[in-house]
Amino acid sequence: MDNRIEILRNYIDKSVKNKEPGSFWFVERHTAIVSSFSAMLAKKRALNTEIATMIGLLHDIHTLLADDPHNHAELGSLKAKEILSESNIVSSEELEIISTAIKNHSSKPA
């Protein structure tokens, strides 16, 4: 599949196009930074940078779309599955990797 990151970014852009300008700037900027940092870490660890970028782009998708950070990791995981399934841009294995990473990204070890 050609440029899955671009397809995902276009989906996100379309999803927020009707939001009040400036209302989601923090989440949008945070998401861009996290996706870049995720790719950098993946490269350093010899992991798939494209999947890492997708995880970074989608990790706060619930907060971005619902304007609600409550339980955002769990709800974001479900939304990411929905987006990626509809877009048909990942394999079932990649879908599980991405959704699991999003679901667990707010978990802190004891």
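Assorted remarks:
- Reducing segment 48-97 and segment 3-24 to their Cα centroids gives an inter-centroid distance of 13 Å.
- Among Ser99, Ser85, Ser38, residue whose mean-square fluctuation peaks in a GNM of the chain (springs only between Cα atoms under 10 Å): Ser85
- For the cross-link pairs Lys43/Lys81; Lys17/Lys79; Lys17/Lys103; Lys81/Lys103; Lys14/Lys44; Lys19/Lys79, the ones whose C-alpha atoms lie over 21 Å apart are Lys43/Lys81; Lys17/Lys103; Lys14/Lys44.
- For the pair His70 and Asn48, the difference between a 0.36 nm per residue extended length and the Cα-Cα distance amounts to 5.0 nm.
- Loop-located trypsin sites (Lys or Arg not before Pro) across segment 33-99 with a Cβ neighbour count of 14 or fewer within 10 Å are Arg45, with loop assigned by DSSP.
- Across the chain, C-alpha contacts under 8 Å between residues 6 or more apart give a mean separation that, scaled by the residue count, equals a relative contact order of 24 percent.
- Backbone HN-Hα couplings from phi across segment 72-83 [Karplus 6.51/-1.76/1.60, Hz, Gly and Pro as x]: 5, 5, 5, 5, x, 4, 5, 5, 4, 4, 4, 4
- Loop-located trypsin sites (Lys or Arg not before Pro) in segment 7-42 whose Cβ has at most 15 other Cβ within 10 Å (DSSP): Lys17, Lys19
- Shape metrics for the chain, restricted to C-alpha atoms - Rg then Dmax, Å: 13.3, 41
- The calculated FRET efficiency for the pair Arg9 and Ser107, based on their C-beta separation and a Förster distance of 22 Å, comes to about 0.25.
Values in this text are rule-based calculations from the coordinates and carry no lab data. The structure presented is a predicted model; accordingly, all values stated were derived computationally and were not measured. A quick note on method: Cβ atoms are made from the backbone with ideal geometry, for glycine too, and the neighbour counts reach across all protein chains shown.
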